[in-house]
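Participant: Have a look at this one before I ask anything.
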Amino acid sequence: MGTALNLVFIALLVATALLAVFARDLLAAVIIFSVYSLIMALMWQRLQAPDLALTEAAVGAGVTTVLFVVTIFKTRRREEEEKE
Amino acid sequence: MRLLHNYHYAAAMLLFCIGLYTVIARRNIIKKLIGLNIMETSVFFFYISLGYLDGGIAPIRTGGADPARMVNPIPQALILTGIVVAVSVTALALSLVILLYRQYGTLDVDRLYRDEDGGTHGGPSGEDAP
């Protein structure tokens, strides 16, 4: 029972990691990465590490996402296409 | 069968490979930083899985919890520090990314190399050129 839930979380982790890597829009990639961090916080709780779950939810999903979003608004949002 | 029992380690390795692919193959610097964060998280995941016991309880001694059933608290204390260090590294790298964009006007690694060779955007090496 618990193993099945862990496997579901791991599948979600791999799926969100791949989506964040292959998204063309950088803002979408960052938001998907914050979802990845939240699922990782759930995974810490499954591994009996509640302090890590709190820290990951606050710092990983919160502060890191804000930093990335500020950087994207200060630079550019689209990934540049190769024009050769 | 042993791989099925230790599926946490396989998942951590898979996530590490995804992050490594991103850092190597993607050309956008912000994408590379997302890949670096995925790599860091996978290493933390591996380390916490090492200290996990099947059917363990959280290492908090309240209400007569049995210490023999607790998971190992030392990896958790170490990784708590590691998460904070990862955020600091990300903040420093993103500030450098903003400075790089102001200087060169692009976040693409290939174009950054090309501009460094040509010096068309007037970087630090291009200002002295006539």
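Participant: Using only the alpha-carbon atoms, how far is helix A:64-74 inclined from the longest principal axis of chain A? Give it as 0 to 90 degrees, nearest 10.
Facilitator: 10
Participant: Taking only the C-alpha atoms, wrap a convex hull around the range A:2-74 and report its volume per residue in Å³ as a whole number.
Facilitator: Taking only Cα atoms, the range A:2-74 has a hull volume of 57 Å³ per residue.
Participant: If you don't mind, there's one more thing I want to ask. Compute the normalised compactness of the protein assembly as shown: alpha-carbon radius of gyration over 2.2 N^0.38 Å, N being the residue count.
Facilitator: Ratio of Cα Rg to 2.2 N^0.38 Å: 1.19.
Participant: Considering only C-alpha atoms, what is the centroid distance from the range A:8-84 to the range B:1-46, in Å?
Facilitator: Taking the Cα centre of the range B:1-46 as reference, the centre of the range A:8-84 is 13 Å away.
Participant: Determine, at each q value in 0.10 (inverse angstroms), the log₁₀ of I(q)/I(0) that the Debye formula gives when each Cα of the range B:1-119 is one equal point scatterer.
Facilitator: Each listed q corresponds, in turn, to -0.47.
Participant: So which DSSP H runs in chain B come out at 30 Å plus along the axis (Cα) with average Kyte-Doolittle of at least 1.6? Let's see the in-between values first.
Facilitator: Values: long enough: B:29-50 (32 Å, 1.35); B:73-104 (46 Å, 1.63).
Counting only whole DSSP H runs, the qualifying helices are B:73-104.
Participant: Between B:LEU53 and residues 5 or more places away or on another chain, which pairs have amide H atoms under 5 Å apart, with H built 1.01 Å from N, and which residues are they?
Facilitator: Amide H neighbours of B:LEU53: B:ASN72.
Bear in mind that the values in this text are calculations on the coordinates, not laboratory data. All values derive from a computational prediction rather than experimental measurement.
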